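Only one structure is covered here, and it is reproduced in the block below.
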Amino acid sequence: MNFFKQNHKNNISNKTNLSNILKSIVIVLLLILTFSCSSDDDSSSNNTPTTAELLRSGTWYLESKTPGGFNDCEKNTSFKFNANNTVEVESFDDDSGTCESEGVVNTTYTLNGTTLTITLGTDTIVSTINSISETTLNITDAIGDTIVFDKIQG
């Protein structure tokens, strides 16, 4: 009978030890998971502005066009894209020998991926955004000209 009591006590003791070991393992795993996951892990990817955000980040001025180009007066022409899909376009020309604004036109635009479409009255201008950064916008228009914009007037 003592043998059975002793064996039973050993089984209970083994079960208790096994239970304590399993609890310890679970606690260690939970601590590892808690401290290994950080809310900062993905923060760098969330700080990258989208094409739409960059497009709306300020006023864009004509800088260059290939082939051809813009004269100093035309480089004052500006595009200001707004969050409500409107764009303010102020164009400049020096037909009279003096660089003058031809006025501001408020119109609409859409951005679908890298396709930028500006509607001017009954005309639709479709361009492809080749690259965009905080300071430079590079597009190709429908006839294949490459146009570069920057944030510096003139």
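The values are calculated or read from the model by the stated rules, or taken from the named source; none is laboratory data. Small disclaimer: the values here were computed from a predicted structure and weren't measured. Glycine gets a Cβ as well: all are built from the backbone with ideal geometry, and neighbour counts include every protein chain shown.
Number of residues in the stretch 79-99 that are touching a residue at least 24 places away in the same chain (Cβ under 8 Å) and over 29 Å from the mean Cα position of the chain (by Cα): the value is 1. Give the residues of the stretch 100-115 that are within 16 Å of the chain's Cα centre (by Cα) and at positive phi, sorted by residue number. Of everything in the stretch 100-115, just one residue is within 16 Å of the chain's Cα centre (by Cα) and at positive phi, namely GLY113.
A single entry from ASP141, ASP123, ASP145, ASP150 fulfils the requirement of being touching a Gly at 6+ places or on another chain (Cβ under 9 Å) and either in the same structural domain as ASN71 (by TED's automatic domain parsing) or not aliphatic (A, V, I, L, M) (or both): ASP145. The residue of the stretch 44-87 that is surrounded by the most Cβ atoms within 10 Å (Cβ to Cβ), among those that are of a type in the set (Gly, Ala, Ser) and part of a helix (DSSP H, G or I), is ALA52.
Considering only residues of the stretch 123-138 that are in a strand (DSSP E or B) and under 17 Å from the mean Cα position of the chain (by Cα), which is surrounded by the fewest Cβ atoms within 10 Å (Cβ to Cβ)? Give the derivation first.
First, the residues of the stretch 123-138 that are in a strand (DSSP E or B): 123-132, 136-138.
Next cut, under 17 Å from the mean Cα position of the chain (by Cα) only: 128-132, 136-138.
Details: THR128: 14, ILE129: 17, ASN130: 13, SER131: 11, ILE132: 22, THR136: 14, LEU137: 25, ASN138: 17.
Looking at the filtered set, the residue picked out is SER131.
If you go through the stretch 112-119 one residue at a time, do you hit one that is under 22 Å from ARG56 (Cβ atoms) and either loosely packed, with under 11 Cβ neighbours inside 10 Å or outside the structural domain of PHE79 (by TED's automatic domain parsing) (or both)? Checking the stretch 112-119: at least one residue is under 22 Å from ARG56 (Cβ atoms) and either loosely packed, with under 11 Cβ neighbours inside 10 Å or outside the structural domain of PHE79 (by TED's automatic domain parsing) (or both).
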